[in-house]
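The values are calculated or read from the model by the stated rules, or taken from the named source; none is laboratory data. Predicted model only: the values in this text are computed from it and were never measured. Using ideal geometry, Cβ is built from the backbone for each residue, glycine included, and neighbour counts are taken over all protein chains shown.
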């Protein structure tokens with residue numbers, strides 16, 4: 001999983017570097033504009049997945065999944081970002097405090 005994150009990070013860096021080297025007409029293509037808009041989103045999604053499910057070299061389901069689920073629901077309800085973060089943190093802490101999941 002980390003290899004995917006590293007490759008995507010390097011790709012993003014190289015893309016930024018090529019932006020200075022490539023002609024302006026190439027960068028104005030619609031396909032290039034769509035890709036540059038989606039690459040940071042996919043990188044962030046990959047980081048969220050790695051941080052939620054990875055424990056050392058194994059996949060683990062624990063209280064972080066509950067926090068991610070609560071955050072997802074809060075985002076669907078269009079809650080402010082700080083509320084989303086607080087709800088995710090509190091729900092994860094409560095699940096760990098109760099002892100349902102590690």
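Tabulated results
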{"read-out": "Count of residues meeting criterion [at pLDDT 85 or above and in contact with a helix residue (DSSP H, G or I) (Cβ under 7 Å, 6 or more places away or on another chain)] in region 12-31", "value": "1"}
{"read-out": "Criterion violated by residue 53 - all others in (1) in contact with a strand residue (DSSP E or B) (Cβ under 6 Å, 6 or more places away or on another chain); (2) without any contact (Cβ under 8 Å) to a residue 12 or more places away in the chain satisfied", "value": "(2)"}
{"read-out": "Residue within region 18-36 that is in contact with a strand residue (DSSP E or B) (Cβ under 9 Å, 6 or more places away or on another chain), surrounded by 13 or more Cβ atoms within 10 Å (Cβ to Cβ), without any contact (Cβ under 8 Å) to a residue 60 or more places away in the chain and part of a helix (DSSP H, G or I) present", "value": "no"}
{"read-out": "Residue tally, condition touching a helix residue (DSSP H, G or I) at 6+ places or on another chain (Cβ under 7 Å), surrounded by fewer than 16 Cβ atoms within 10 Å (Cβ to Cβ) and in contact (Cβ under 8 Å) with a residue 24 or more places away in the chain, over region 68-101", "value": "1"}
